[in-house]
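The values are calculated or read from the model by the stated rules, or taken from the named source; none is laboratory data. Values in this document were obtained by computation on a predicted structure and should not be read as measured data. Methodologically, a virtual Cβ is constructed for each residue, glycine included, from the backbone with ideal geometry; neighbour enumeration extends over all protein chains shown.
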Amino acid sequence: MKKIRPLFLLLITVGFLTSSSTVYSQSQCNLLQVSNASAVAHASAANYWFGVMELPFLFISVFFAFMTAYALRGGKFGKGMTFMAWGFLVMAVGHLHMQIEHYYGINIFKSLLGQMSGSIAWFIALIVTWGLSGLGFWSIYKASRGA
């Protein structure tokens, strides 16, 4: 049995994702029968449902991240998972903020903290999310290497 090479699979996936339906519609591809107007209409409907479904799954992921961290109870893997869980929680709050802004037009950070401070708070939240997640992955990586 032939093994599937990960690089080949990655290239195929990237190629598939980057081929937009609007490109097909501009080249008059009758097979797909996509127009710019229909592509925009379907994309906006899909974006609505992706936004609605994102938050429950994100909060379920955060719940299980904390449950996994608790089950590992410290140690090198538990420490890494705890960092990741906190990073995911900050990310979940950020995504909740983005969905509220998208659906209701209310930017919570800027409403509470003002224009400049709200932008700085958003930037700090991004750095905290990436930092905690990265630190968690690094800790798990080191633990898996026996370091």
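List of remarks:
- Among the criteria (1) over 12 Å from LEU58 (Cβ atoms); (2) buried (at least 20 other Cβ atoms within 10 Å of the Cβ), the one ARG73 does not fulfil is (2).
- Comparison of GLY94, GLY131, GLY78 shows that the only residue that is at pLDDT 95 or above and either small (Gly, Ala, Ser) or more than 20 Å from VAL62 (Cβ to Cβ) (or both) is GLY131.
- Total residues in region 42-93, condition of a type in the set (Phe, Trp, Tyr) and under 14 Å from the mean Cα position of the chain (by Cα): 4
- Beta carbons closer than 6 Å, at least 6 apart along the sequence or on distinct chains, pair a first residue in region 119-144 that is over 14 Å from VAL93 (Cα atoms) with a second that is charged (D, E, K, R) and surrounded by 13 or more Cβ atoms within 10 Å (Cβ to Cβ) for SER139/LYS79; ALA143/LYS76.
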